[in-house]
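Enquirer: Sharing a structure here in structure tokens format.
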Amino acid sequence: MATQLTCKSTQACFGGTIGFYSHASSSCASEMRFAVYQPPQAQNQPVPVLYFLSGLTCTEENFITKAGAIAWAAHWGLMLVAPDTSPRGLGIPGEDDSWDFGTGAGFYVDATEEPWAKNYRMYSYVTEELPALIAEHFPVNDLRGIFGHSMGGHGALVCGLRHPDRYQSISAFAPIVAPMQCPWGQKAFINYLGTDQETWADYDASQLVLKAQTSQPILIDQGLADDFLTSQLKPEIFAEACDRANQPLILRMQPGYDHSYYFISTFIADHIQHHAQILLN
């Protein structure tokens, strides 16, 4: 049976089409939303798809409207897909109590702790349900890349490292690379996954890369003026793990740049080219 999509809006953009959609998600047992940019090349043939996972407090709109990515996706002929960052409006006690947990902060894990386990299954949503939905409704081929920002950078690294067969290219902006060792990650993992840290390691890129390398280089851009650099992001931990695992890593520390979409938009062309050179060759 075909999955029903509700189209909220569509607009022409750079010769292609940007659309915003919602659907009943089986993974999250709730309505989920996502955005899709179809480049002009998709009018004639299936194209590779590039998934972007957004950060804390974001929706499916932030990346599409702020990053300046669409022109470059149109240039290279890549479809862009940007899902929301969590289920919303479920009435779960505590879901709106803080900006870094609950609504807008799904952390791309499959929660095992109550009351989150039924709905907060963003890992399965991103890696299984959403790609199947995109393949069903949009003209894509079997080539995929994944990237993201902050919490979404964490998600992109985890999804890409755990499924190198599904995602041929990976990159991230200011990712949370060692969530087991930072306050954002510890808060999310304790509440979503419980206190057994062995389960946390399945969602920690610095742990995963030691046993789940990809053959392609991972590109990471990190601003040196980022307020969260030393307390939450800790790129040096991931760099050391990649070095130990012989995982190719392009880590670019950018002087003067912070954690914002101004930073993302400055380097978005490089990231989309990074994915295009892998996915189109």
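Enquirer: Mind listing whichever residues of segment 251-267 are assigned to a loop (DSSP other than H, G, I, E, B) and over 24 Å from residue 240 (Cα atoms)?
Expert: Of the residues in segment 251-267, the ones assigned to a loop (DSSP other than H, G, I, E, B) are 255-260.
Listed by number, the list holds a single entry, 260.
Enquirer: Out of the residues in segment 1-28 that are closer than 26 Å to residue 106 by Cα and surrounded by fewer than 14 Cβ atoms within 10 Å (Cβ to Cβ), which is nearest to the chain's Cα centre (by Cα)? Explain how you work it out, then say what you get.
Expert: Applying the first criterion (closer than 26 Å to residue 106 by Cα) to segment 1-28 yields 3-9, 18-28.
Adding the requirement that they be surrounded by fewer than 14 Cβ atoms within 10 Å (Cβ to Cβ) leaves 3-4, 6-9, 24.
On the way: 3: 22, 4: 23, 6: 22, 7: 22, 8: 22, 9: 22, 24: 20 Å.
The extreme case among them is 24.
Enquirer: Follow-up question, since we're still on this one. Mind listing just one residue for me: the one in segment 85-99 that is open to solvent by 10 Å² or more (accessible area, probe 1.4 Å) and in contact with a helix residue (DSSP H, G or I) (Cβ under 9 Å, 6 or more places away or on another chain) and, of those, nearest to residue 41 (Cα to Cα)?
Expert: 98
Enquirer: Any residue in segment 183-199 that is without any contact (Cβ under 8 Å) to a residue 24 or more places away in the chain, among the acidic types (Asp, Glu) and part of a helix (DSSP H, G or I)? Let's see the steps before the verdict.
Expert: Here is the first cut: in segment 183-199, the ones without any contact (Cβ under 8 Å) to a residue 24 or more places away in the chain are 186, 190, 195-198.
So of that shortlist, the ones also among the acidic types (Asp, Glu) come out as 196, 198.
Retained after the next criterion (residues that are part of a helix (DSSP H, G or I)): 198.
Yes.
Enquirer: State the number of residues belonging to segment 54-74 that are in contact with a Pro (Cβ under 7 Å, 6 or more places away or on another chain) and more than 16 Å from residue 15 (Cα to Cα).
Expert: Looking only at that region, the number is 1.
Enquirer: On to the next question. Kindly provide the set of residues from segment 107-143 that are within 14 Å of the chain's Cα centre (by Cα), more than 17 Å from residue 24 (Cβ to Cβ) and either of a type in the set (A, V, I, L, M) or surrounded by 24 or more Cβ atoms within 10 Å (Cβ to Cβ) (or both), ordered by number.
Expert: 107, 108, 109
Enquirer: List pairs: first residue in segment 161-182 and of a type in the set (Ser, Thr, Tyr), second residue assigned to a loop (DSSP other than H, G, I, E, B) and crowded, with 16+ Cβ neighbours inside 10 Å anywhere in the structure, Cβ distance under 7 angstrom, at least six positions apart or on different chains.
Expert: Taking only residues 6 or more apart or on different chains, the pairs are 169/216.
Enquirer: Among the residues of segment 67-84, is any of a type in the set (D, E, K, R) and open to solvent by less than 10 Å² (accessible area, probe 1.4 Å)? Lay out the reasoning, then the answer.
Expert: Step one: of segment 67-84, the residues of a type in the set (D, E, K, R) are 84.
Cutting the leftovers down to open to solvent by less than 10 Å² (accessible area, probe 1.4 Å) gives us 84.
The answer is yes; a qualifying residue exists.
The values are calculated or read from the model by the stated rules, or taken from the named source; none is laboratory data. Since the model is a prediction, treat every value here as computed from it, not as a measurement. With ideal geometry, Cβ positions are generated from the backbone for all residues, glycine too; neighbour counts draw on all protein chains shown. Please note that ligands, DNA and RNA were not included when accessible areas were found on the heavy atoms of the full protein model with its side chains. Shrake-Rupley method; radii C 1.70, N 1.55, O 1.52, S 1.80 Å.
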